[in-house]
């Protein structure tokens with residue numbers, strides 16, 4: 001009974017804290033945000049979401065809306081954990097790559113094959129630079145569906161040489177509680193990527209392929225396990241205690257927001273396991289997706305970037321490196337991207353909220369990233385503002401695209417960018 005009362009008191013305290021915190025934002029802004037979000041929930045853009053704002057380094061707004069699912073049983077809470085999807089790219093491999101760049105262990109303008117040796121044997125990839133790759137300027141294929149290589153037929157049956165229902169030394173990559181992948185399949189994935197086509201035309205094409213490679217590359221360059229390296233150098237010292245790959249058993253289960261009912265190969269509701277199929281085949285630990293976080297810890301990491309590498313008085317990445325990675329690399333090619341980071345449309349000024357990115361008032365020095373599951377982070381150094389939006393818009397199926405049709409993230413961000 002004492003524990004139960006303590007939990008009630010804690011929930012009441014957090015609710016009161018949130019209410020007092022949000023009062024730092026004008027009531028008109030709070031009401032407008034609520035209107036946008038509640039309309040989106042009503043139209044099933046997502047069952048629930050969170051919005052968090054840091055201003056001048058301080059949290060001034062953090063609100064949870066809706067429920068985990070459309071059955072309206074579990075309310076969205078401030079500590080909820082979300083599958084970040086592609087926000088993983090700037091939250092896991094990218095800080096490691098920036099640190100390695102600081103240390104002189106990688107050169108942005110040397111061929112990527114200098115570090116990833118399998119590409120030395122492919123003429124179309126041999127000379128691609130890391131700068132081109134991180135700016136999505138290399139001409140790489142956008143995405144490869146690796147799941148099709150483990151499926152035997154259209155009924156969803158697996159090839160036994162790749163997938164078994166029981167774990168063993170050979171079938172050691174856990175896909176879910178009853179599916180295990182042959183660990184040698186990873187080498188097949190790397191070979192397929194090495195043989196993938198490269199466009200002759202150098203233009204902006206978003207590609208996540210090398211982000212599947214980066215964890216292995218980071219391990220080769222550091223001599224340390226990818227997850228361990230991130231926790232030792234970033235998540236641990238920054239006290240980002242909710243940032244995990246494969247969070248099952250590491251975070252309260254009732255606080256982990258489910259994503260999608262997988263109809264492709266797991267045939268179940270994906271919860272506490274990565275939504276992205278390619279990251280799943282890598283055991284949930286990847287560079288393209290797989291990281292989970294709550295809003296507070298994600299905001300702290302983005303705040304470190306906005307502070308040009310400094311957080312709580314400690315320098316994690318040099319200012320020069322952050323400035324290099326967050327600047328537009330190929331504007332002459334109509335490519336808005338930084339290195340790993342997304343940037344505003346080059347002609348963003350004057351666009352409507354529905355046709356802008358990230359929002360009409362977004363400044364050229366802003367940066368961030370979006371995630372397929374309905375996640376989005378953005379930093380506006382000019383306004384000293386960090387924006388975090390977390391949702392599970394793919395619930396129950398990824399065909400739900402109302403979040404885009406309603407321009408939910410853009411409208412909410414614009415409200416805070418124009419806040420007095």
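Here are the numbers:
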{"quantity": "Residue check, residue 104 closer than 24 Å to residue 235 by Cβ and free of Cβ contacts under 8 Å to residues at least 12 places away in the same chain", "calculated": "yes"}
{"quantity": "Answer from 190, 204, 228, 265 - the residue that is in the same structural domain as residue 370 (by TED's automatic domain parsing), under 23 Å from the mean Cα position of the chain (by Cα) and more than 18 Å from residue 84 (Cα to Cα)", "calculated": "265"}
{"quantity": "Residue in segment 116-131 that is surrounded by 20 or more Cβ atoms within 10 Å (Cβ to Cβ), touching a helix residue (DSSP H, G or I) at 6+ places or on another chain (Cβ under 6 Å) and in the same structural domain as residue 322 (by TED's automatic domain parsing) present", "calculated": "no"}
{"quantity": "Meets criteria (assigned to a loop (DSSP other than H, G, I, E, B), buried (at least 24 other Cβ atoms within 10 Å of the Cβ), at pLDDT 95 or above and out of contact with any strand residue (DSSP E or B) (no Cβ under 7 Å at 6 or more places or on another chain)) for residue 393", "calculated": "yes"}
{"quantity": "Scan of segment 56-76 for residues that are assigned to a loop (DSSP other than H, G, I, E, B) and within 30 Å of residue 383 (Cα to Cα), ordered by number", "calculated": "56, 57, 76"}
{"quantity": "Within segment 315-350, tally of residues that are touching a strand residue (DSSP E or B) at 6+ places or on another chain (Cβ under 9 Å), surrounded by fewer than 17 Cβ atoms within 10 Å (Cβ to Cβ) and not in a loop (DSSP other than H, G, I, E, B)", "calculated": "1"}
{"quantity": "Residue within segment 214-226 that is touching a strand residue (DSSP E or B) at 6+ places or on another chain (Cβ under 7 Å) and either surrounded by fewer than 15 Cβ atoms within 10 Å (Cβ to Cβ) or outside any strand (DSSP E or B) (or both) present", "calculated": "no"}
{"quantity": "Options 104, 156: the member that is within 29 Å of residue 372 (Cα to Cα) and not assigned by TED's automatic domain parsing to the domain that holds residue 249", "calculated": "156"}
{"quantity": "Sole residue being out of contact with any strand residue (DSSP E or B) (no Cβ under 8 Å at 6 or more places or on another chain), under 22 Å from residue 176 (Cα atoms) and modelled with pLDDT of 95 or more, chosen from 307, 288, 312", "calculated": "288"}
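The values are calculated or read from the model by the stated rules, or taken from the named source; none is laboratory data. Note that the structure is predicted; figures quoted are calculated from it, not measured. Methodologically, a virtual Cβ is constructed for each residue, glycine included, from the backbone with ideal geometry; neighbour enumeration extends over all protein chains shown.
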